[in-house]
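The values are calculated or read from the model by the stated rules, or taken from the named source; none is laboratory data. Being a predicted model, the structure only gives us computed values, none of them experimental. Positions of Cβ are backbone-derived with ideal geometry, glycine not excepted, and every protein chain shown enters the neighbour counts.
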Amino acid sequence: MSFFDLKDTLRPFTALKQFGKKPHTINYPEKTVEASDRYRGLHYNDLDDCIGCGNCSTICQNAAIDMIKIDGIEGKNGDSGLRPRVDNGRCCWCALCVEVCPTGSLSLTKDYNYVTDDADAFLWTPGVDNPDGKDRISFSTADGVSLNDFKRIPMPELEGMERVKSFAEAVIGYNEEQARAEASRCISCALCTEACPDHMHIPEYINAIARGNDADALRIIYDNNPLPEMCGKVCTRRCEDVCAIAVRGEPVAIRWLKRYATETALTSEITREIVNPEIKEPNGKKVGIVGAGPSGLTAAYYLALRGFDVTIYEANAKAGGMTMYGIPKYRLPLESLDKQIEYIEKIGVNIKYNTKVGKDISFEKIYKENDAVFIGVGFPKAWTLGIDGEESKGSMQAVNYLHMINADENVEIGDKVAVIGGGNVAIDAARVSARFGAEVTILYRRRIEDMPADWEEIEGAEDEGINMVPQAIPIKIHSDNKGNVKSIEYLLAEMVPDERGGRPKPVAIEGSNTIMEVTAVMGAIGQQGDYSFLEGEYEEKIKVDRGRFAVNDDQQTSDPKVFAGGDAVNRTADAISAIADGLRACKAIDKMLVGN
Amino acid sequence: MKEIKSKLVEAIKATYPEATEKDYEGNRLDFYVNKQCVPSVLTYLKSGLGYIHLSHIAFVDWLEEGEFELIYIVWSPSEKLKVFIRARVERENPLMPNIENIWRQANTYQREAREMYGIQFESFDAPQDLMLEDWEDIPPMRRDFDTEAYANKTYFHRSGREDALDVREAIIERSREEIPDFAKKYSR
């Protein structure tokens, strides 16, 4: 090696050829590397979409998820008010909680870098502690892929034009296999029990069906509902509206599953054998009940079980009230209702049929002979349309028509019927008329989507070939010289948005008069109470407020000895609310008279 | 793709008439075969039909049916088709043919199956522990293994979680529902 080597002196400068090139090493200033798009990191929960069903907490195999109360989130119908909190020290990011979330509110983000000295900080509430997490979601079920089963097992039923030929029950009912499969879709969150006016133990009996124990299901159902088969067929099922599965899918068929469980007991004897309720020793107290509708029957059944001597006074030849006389037999067959009432009578309830209070027996007598009285008289009187020509022959109230048909009476309706109204009574009257061979048109003042009737009923009517004329306001019924209905005249209406935020109002269009030839007109625009049986001092003592009995939380009226329930009290006008009223009154009467 | 699939079904069925196939959308085709046939089907797929890559072996515990299912997923780079070979083995003393000689990497999958599901393989000589250490309980991926009980026993709960509420209880309290004792065994 010489003293001066030019090559070795210059060699370091060769590095200069890299000058200006993009370096292959780290960036300067340093840049954080983004995690990959599908990296499973910390949870994020959309607090508004979450309904607090707790499915995430139940599925977690590491017991890492708690359901907790969060400030500012109140429980309401269809929302438990609780939200999940994750212990990230236990989480293994398997994301089962995300895959079973029925609403899709829970997801994982790609945030995984979380460094802190405070170990307790790993206990955190998704959505509250990382509100910005929604921008970095890496794993969610937003695409609809979920471990929940969103599709309902279809209910077998008769085809529309086949149904209209007879009064055979339109819905056929689940068989065992279908019922087990449908019951298995339930996630047992119990949000439905709060929506049910009677707070039936829904997840428990559905779970019993899913596990193959129909007898236990029936026992659980009879714990607070003595007319479950009726509810299983015609309940308004507000439970299904809040079903957690319904947020993104079809709700669990709670009503059909109840029907399935009750139909496993074919007769009232079998029902009694299975339910096998404990009947207490007679306690010597007497309760008189006015009206054998759902609320009266419920109060009677549970009072009889508690050892009371119960007598129901019923004006008609059969018990059941509106469920007997208001609901067509293709929805609720006579045998089914008979079976349930037979069972209630077997428990020891005494029903005096054809005994109208105020006519065949005075209210005073019932009041004086009993230690407590329960009034469940319902809303028997229909509102009239209040238009000209309503007194013509062939113009009638739909609820009276249904009553007569259910009582096996002959009613002349001809071959062209117009039904006015959009509730279940209107649809029922229309579908019954169709079964008698009439061509039926429903006139409703609002739009079809505004109809208060069940959508299944509306669809059923459409399937059976019933015409619907929405936004039609009847103004006059024309009759021929013999006084028979000849035609109905109506105005078409346009929907005007309500300024105060209510539902849109129909406003008649001037000059849009339309005349439709008909042979019968049925009004179905609502019913009201008839309290003429309360005479003398009782009229004063038992207060009626705006058409309904005024009661406290225990169904007690202004006379402490008298309780009331059903349509004559509540505003929901359905059987399940009446049943809830009856049960509440039973508990209050028991407390008042026996002190339980 | 349809043509490739039907050709493959024909080829497999010619040699293994008892195999049944199930078609899926896209580039996936499943075959259900007898467990004894697994090595020969896989050999045929690899050396005869171009399915040279073993992507994965998956396992399913069919607890109610008393069987395990093994799913060998193979891939053909030329046909661009994924083929799933599915075979069932009884849950009681499960013994499967060893396919280490066909694909070397099957060794690891088989060790996983042995450790996590307790599935044994014929003349399979590999070190015992893969991911677990001194495991004495039933294999943890079996469905009758109670993961939650294990997690609760093994890992203590940190303090600060005492305010957790039960959804069912919260709803019962709010709606004043009275639930009978005999029904509670059906609650969540």
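The table below lists the values:
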{"item": "Every residue from the stretch A:202-242 that is part of a loop (DSSP other than H, G, I, E, B), more than 26 Å from A:D338 (Cβ to Cβ) and out of contact with any Leu (no Cβ under 7 Å at 6 or more places or on another chain)", "result": "A:R211, A:G212, A:N213"}
{"item": "Residue match in the stretch B:124-135 (condition: closer than 25 Å to A:G89 by Cα, surrounded by fewer than 13 Cβ atoms within 10 Å (Cβ to Cβ) and among the hydrophobic types (A, V, I, L, M, F, W, C))", "result": "yes"}
{"item": "Residue count for the stretch A:286-334, restricted to those that are among the hydrophobic types (A, V, I, L, M, F, W, C) and more than 29 Å from the chain's Cα centre (by Cα)", "result": "5"}
{"item": "Single residue of B:M141, B:M131 found to be more than 8 Å from chain A (Cβ to nearest Cβ) and touching a residue at least 60 places away in the same chain (Cβ under 8 Å)", "result": "B:M141"}
{"item": "Residues being of a type outside the set (A, V, I, L, M, F, W, C) and at the interface with chain B (Cβ under 9 Å from one of its Cβ atoms) - total across the stretch A:166-197", "result": "3"}
{"item": "Filter result for the condition that a residue is touching a helix residue (DSSP H, G or I) at 6+ places or on another chain (Cβ under 7 Å), touching a residue at least 12 places away in the same chain (Cβ under 8 Å) and either of a type in the set (S, T, Y) or not assigned by TED's automatic domain parsing to the domain that holds A:N283 (or both), over A:M522, A:M516", "result": "A:M522"}
{"item": "From the options A:V411, A:V399, residue that is of a type in the set (A, V, I, L, M), assigned to a loop (DSSP other than H, G, I, E, B) and within 22 Å of A:M324 (Cβ to Cβ)", "result": "A:V411"}
{"item": "Residues of the stretch B:133-173 that turn out to be of a type in the set (D, E, K, R) and under 28 Å from B:E92 (Cβ atoms), as a count", "result": "10"}
{"item": "Pair list, Cβ < 6 Å and 6+ apart or interchain, from the stretch A:475-488 residues that are in the same structural domain as A:G414 (by TED's automatic domain parsing) and in a strand (DSSP E or B) to residues that are among the basic types (K, R) and surrounded by 12 or more Cβ atoms within 10 Å (Cβ to Cβ)", "result": "A:H478/A:K486; A:S479/A:K486; A:N484/A:K393"}
{"item": "Hits in the stretch B:1-25 (condition: touching a residue at least 24 places away in the same chain (Cβ under 8 Å), surrounded by fewer than 15 Cβ atoms within 10 Å (Cβ to Cβ) and not in a helix (DSSP H, G or I))", "result": "B:M1"}
{"item": "Scan of the stretch A:156-165 for residues that are closer than 19 Å to A:E263 by Cα and either charged (D, E, K, R) or within 14 Å of chain B (Cβ to nearest Cβ) (or both), ordered by number", "result": "A:E157"}
